[in-house]
Amino acid sequence: MFSVLTDNWPLFRDGFWLTIRLFLVSGVLSLIIGTVLGAFRVSPVPALRGFGTGYVNILRNTPLTLVFAFLFFGAAKMDLALPNPFWTAVGALTIYTSAFVCEVVRSGVNTIAPGQSEAARAVGMSFFQVLTIVVLPQAFRAIIPPLMSVLIALLKNTTIAAGFSVVEAGSIPAAMSERGENQLVTLLWITIGFLILIVPLIFLQRWAERRTAVA
Amino acid sequence: MSDSDTLTKTGLVTLTGVNKHFGELHVLKDINLSIAKGEVVVVIGPSGSGKSTLCRAINRLEPIDSGDILLDGQALPSEGKALAKLRADVGMVFQSFNLFAHKTILQNVTLGPLKVRKTDPKQAEKRAMELLERVGVANQASKYPAQLSGGQQQRVAIARALAMDPKVILFDEPTSALDPEMIQEVLEVMVDLAKQGMTMVVVTHEMGFARTAANRVVFMAEGEIVEEASPETFFTNPTSRRAQDFLGKILKH
Ligand SMILES: Nc1ncnc2c1ncn2[C@@H]1O[C@H](COP(=O)(O)OP(=O)(O)OP(=O)(O)O)[C@@H](O)[C@H]1O
Ligand SMILES: [Mg+2]
């Protein structure tokens, strides 16, 4: 069983390393874009609210594979120059995951009593200040657990990139089967690999929850 | 016409023909009201008559459908930076205090000056401590709002409003969420403010406060200003039927 891993170590190592990079880059971008979209959805400007709502409704109801397909094939059809497969995959994952981050942020904001933002507005804060100084810091606590679910889903979703010539961990089984290795053992190792990747996320969540514990 | 007459005519806060609907509901009906600098106006009326909406319209937490609201001769801007700037000059004290739950008492008072006025931190803190002293909660400065009694929280909310050096402070039922034994401590702070010449609009049913501190009582019913009079005249000799009924009801309780 160990020989399956050790004999093919470079394949596993490179595959998971690409998975980690896909996850980290898409994760950070999704958090930023998702938070901005969340701000759109609670903003006083109807056009921004509409845009946010439309974005979320479309992306949440589109299968991720389709988002990938649109970017990889659709863009090619339209003669758009695409960056390399890695960045195209990051694009697909980010576009998709941002919609979920947006919803988490929005529902987190909704857990905060309206009186908090009214008091902040009454003091003369701008919409941006109200959000970043008063509302989001309080909403953060409610946001962390569902946000972790979104990030874990993103980690698993990176495997879809394998279908689009990105050689991340999800592409290992195909390569291993070409080499005539035991498929079941291969899958077992990949599962273990993903479980290991989730551990830091759980610690991150614990740490963030402790940091935001209110007095 | 004397100077003070002209000031009363122009007013620090002037509402002219203000109308506001919530869907079908006409909550402010052609409101005309002028509040002079240093004047204390008590707004009184049955539940749902539009008192809160009137208050919130003055700093545009609630946009209006038609009419004009002037602050210090300037029309309320509709959105953005200009509106935020205007709100900084209008203090607001809410029924449910609305202190920032994740900030200490001191931070609650310094936040506006620091973030909106860009005051020097040292100076903001010094001023905040003075104000907390003035409202009698300086010894609670490092606590969080949830650790304070309602009366203390409301006094902090008043200090928070004062820290912005507002031209006028709006109070929306500042004592109606308080236990009876805490009402007095908050009213005392407000009477004090009134004596020092702060311009105040106070929605309250505390007749004691109206009698000691108010220059004028405005009685609202069903979105209209039905009657305006000095506190003495209003409470002893209301002219309108609706004011008589209303006073009859609250005096019985
Ligand atoms: N955001 C809102 N949406 C719809 N209707 C509202 C809204 N806010 C207030 N109303 C309605 O407008 C009317 C006036 O409300 P307002 O809060 O100004 O009354 P009030 O005089 O302050 O009453 P109370 O003494 O109960 O505080 C009420 O009928 C209320 O139900
Ligand atoms: Mg009210």
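The values are calculated or read from the model by the stated rules, or taken from the named source; none is laboratory data. As the structure is a computational prediction, the values presented were derived from the model and not from experiment. Here the Cβ is made from the backbone with ideal geometry for all residues, glycine too, and neighbour counts use every protein chain on show. Keep in mind that these areas ignore ligands, DNA and RNA; they rest on the heavy atoms of the full protein, side chains included. Shrake-Rupley method; radii C 1.70, N 1.55, O 1.52, S 1.80 Å.
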* Residue check, B:SER52 against (1) more than 13 Å from chain A (Cβ to nearest Cβ); (2) near ligand 1 (Cβ under 10 Å from one of its atoms), all met but one. Which one? -> (1)
* Would you confirm whether any residue within region A:190-199 is in contact with a Phe, Trp or Tyr (Cβ under 7 Å, 6 or more places away or on another chain) and touching a residue at least 60 places away in the same chain (Cβ under 8 Å)? => yes
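Does A:LEU31 count as more than 23 Å from A:PHE194 (Cβ to Cβ) and part of a helix (DSSP H, G or I)?
Details: more than 23 Å from A:PHE194 (Cβ to Cβ): no; part of a helix (DSSP H, G or I): yes.
No, not satisfied.
Residues are listed down the side, and each one gets a yes or a no for (1) more than 12 Å from chain B (Cβ to nearest Cβ); (2) at pLDDT 95 or above; (3) surrounded by fewer than 18 Cβ atoms within 10 Å (Cβ to Cβ); (4) part of a helix (DSSP H, G or I):
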position	(1), (2), (3), (4)
A:ILE58	yes, yes, yes, yes
A:ALA69	yes, no, yes, yes
A:THR88	yes, no, no, yes
A:LEU93	yes, yes, no, yes
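Quick one: is B:ALA210 open to solvent by less than 40 Å² (accessible area, probe 1.4 Å), touching a residue at least 60 places away in the same chain (Cβ under 8 Å) and closer than 29 Å to B:VAL116 by Cα? Reasoning before the result, please.
Values: open to solvent by less than 40 Å² (accessible area, probe 1.4 Å): yes; touching a residue at least 60 places away in the same chain (Cβ under 8 Å): yes; closer than 29 Å to B:VAL116 by Cα: no.
It is false that B:ALA210 is open to solvent by less than 40 Å² (accessible area, probe 1.4 Å), touching a residue at least 60 places away in the same chain (Cβ under 8 Å) and closer than 29 Å to B:VAL116 by Cα.
On the given criteria, is A:ARG49 among the basic types (Lys, Arg), closer than 29 Å to A:THR111 by Cα and open to solvent by less than 50 Å² (accessible area, probe 1.4 Å)?
On the way: among the basic types (Lys, Arg): yes; closer than 29 Å to A:THR111 by Cα: yes; open to solvent by less than 50 Å² (accessible area, probe 1.4 Å): no.
For A:ARG49, the condition - among the basic types (Lys, Arg), closer than 29 Å to A:THR111 by Cα and open to solvent by less than 50 Å² (accessible area, probe 1.4 Å) - is not met.
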